[in-house]
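The values are calculated or read from the model by the stated rules, or taken from the named source; none is laboratory data. This one's a predicted model, so the numbers in the text were calculated from it and none came from an experiment. Using ideal geometry, Cβ is built from the backbone for each residue, glycine included, and neighbour counts are taken over all protein chains shown.
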Amino acid sequence: LFYFISSFFCVFSLCLISSMAQQNLLQTGLAGGEVTLNCPVENTREYWKKISSLLTKTIFSKGPIAISGEAEIKGEYKQLRVRKLNLSDAGIYTCQYGSHKVQTSLHVFKLTISSDGHFLQNEVPELILMQNSSSPLPDLSITLFNSNNNRVRPELKNEMRQKYIMNLKNLEATDNGTWVCQVHSDSPPINQKIFFALKVLGFQNPDSERKYATVDSTVILSWHLNFQKIKWKEDFTGQLIWKQQESANTLQLFDFKVTAQGELHETKKSSNFLFEIPERKPESTIQVKLPKVHFNHSGQYQCQLAYQGRYTQSKIELVVMKVSSDPAGPLSRGANMTLTCQVSGQLPPNAYLRWERVNGTKMDIKNSKQHEVKLEVNISAAGLWSCHLIEDNDRKISFHYHVEEAPVWINYVIIGTSVGGGILVFVLACLCIISSIKWKRRRQRARRMAQGRQYLLENKTCQCQQ
């Protein structure tokens, strides 16, 4: 019994001493970064070893370095600092001083972003997260946070413990900045944050917007780029094109190039289209100026960006309004006139046209039906008439048309002309009737004379026969 008890205490003491002599630690690192492993006891005879399933090599001055990164041993407690980590550097590192050991399990992560982190608006980045360790690889929980610290749910394409492949949704220009990939594991306990940068080149405009203009007005269409705001350091090109309809042929108005230094160079391409490129404009802005809008200037104006064979665009649809009258000119008292308001292109379901007389009554208001692009109104009162394009109860554009009332003397001239014209018509009719009566009388007289001559001729012929 005494021997059994002695043996038990001996084994327990050895286990306790062994556990006290060896310390196990866990440390994580990122590929391309650096990590520092500590040896917490001061001793001049300590050395570092890296232990893997295939080899055990001393990485102190006594032997070759068994890591692919750059390693150095510094400090009072012989810290092992490894720079430019690789996935292959994962493993168990042992600091031994006498009979004491400190084993550090190094778990290495590597995050790769497609296109080197440079994207155009609406592109879909691919993220690849890899891990390596001497222990069995854990099942990771991955959470992404964008540059605004909002949680983003990626599309997980491949879920292997060694490699996780994720796709983000279409990027927006506001997604530019530093993102966070948070990696979590319960066993072993890992909570690692990986910071990575995304540069998203694009527009501060919406992908598609609508702008309204009236005929003969001046319009400037603008696209605000973010290349200076995000400090984009790569060359890229672009162009501005126009087409009247969705299926119509395109017309290139001008192209541009932005250098890595942020210099913008524009080259005009079309001479058949009346437009200007403003010289003075805000920074990082593409603009086109239409000094006098025509009705056929309506359509889609598309600003396109190109970078390394990839493209993105933002378009502005220009809707033009025109107004005409029939008959043209002043409105005479008691007369009627038809005013026509027309817009180019189709209107959204929540938009309509409205005619109204300024300072008029409800009787002077007329609205178009859904999807109607032309609205006519018959008027008998002069004054200022306005055609409005209303969308979501908001007046997007108005065309004010002044209907002048004909002066009084013009009315008298018109009345006199009408009366004079009536008298002239009456006189002409009378003359025609008189001429017709005279013509008929002449024909009757000529007929009687012809009959008389015929009678005399017949009488003479009878006397000669006797």
Residue within the range 117-134 that is out of contact with any Leu (no Cβ under 9 Å at 6 or more places or on another chain) and either part of a loop (DSSP other than H, G, I, E, B) or assigned by TED's automatic domain parsing to the domain that holds residue 25 (or both) present: no
State whether one or more residues within the range 280-296 are in a strand (DSSP E or B) and of a type in the set (Phe, Trp, Tyr). no
Taking the range 258-306 as the region of interest, how many residues are loosely packed, with under 13 Cβ neighbours inside 10 Å, modelled with pLDDT of 90 or more and hydroxyl-bearing (Ser, Thr, Tyr)? 2
With 149, 205 as the choices, which residue is outside any strand (DSSP E or B) and surrounded by 15 or more Cβ atoms within 10 Å (Cβ to Cβ)? 205
Considering only the range 107-121, how many residues are surrounded by 18 or more Cβ atoms within 10 Å (Cβ to Cβ) and under 21 Å from the mean Cα position of the chain (by Cα)? 4
Looking at the range 313-337, which of its residues are of a type outside the set (Gly, Ala, Ser) and in contact with a Phe, Trp or Tyr (Cβ under 9 Å, 6 or more places away or on another chain)? 313, 315, 316, 317, 318, 319, 320, 321, 322, 323
Index of the failed condition, residue 347 passing every other in (1) crowded, with 17+ Cβ neighbours inside 10 Å; (2) in a strand (DSSP E or B); (3) not small (Gly, Ala, Ser): (2)
Go through the range 136-170 and report how many residues are closer than 16 Å to residue 200 by Cβ and polar (S, T, N, Q). 6
Can you give me the number of residues within the range 132-172 that are hydrophobic (A, V, I, L, M, F, W, C) and closer than 25 Å to residue 85 by Cα? 8
Residue pairs within 7 Å by beta carbon, gap of at least six or interchain, first lying in the range 279-306 and outside the structural domain of residue 119 (by TED's automatic domain parsing) and without any contact (Cβ under 8 Å) to a residue 40 or more places away in the chain, second among the charged types (D, E, K, R) and part of a strand (DSSP E or B), listed first then second, are none
Selection count, the range 90-114, where residues are free of Cβ contacts under 8 Å to residues at least 40 places away in the same chain and outside any strand (DSSP E or B): 1
With respect to residue 76, determine if the residue is at pLDDT below 70 and among the acidic types (Asp, Glu). yes
Any idea which of 221, 198, 225 is surrounded by 13 or more Cβ atoms within 10 Å (Cβ to Cβ), touching a residue at least 60 places away in the same chain (Cβ under 8 Å) and touching a helix residue (DSSP H, G or I) at 6+ places or on another chain (Cβ under 6 Å)? 198
Tell me which of these residue 186 doesn't satisfy, since it passes every other one: (1) under 30 Å from residue 322 (Cβ atoms); (2) loosely packed, with under 14 Cβ neighbours inside 10 Å. (1)
From 212, 164, grab the single residue that is at pLDDT below 95, assigned to a strand (DSSP E or B) and assigned by TED's automatic domain parsing to the domain that holds residue 300. 212
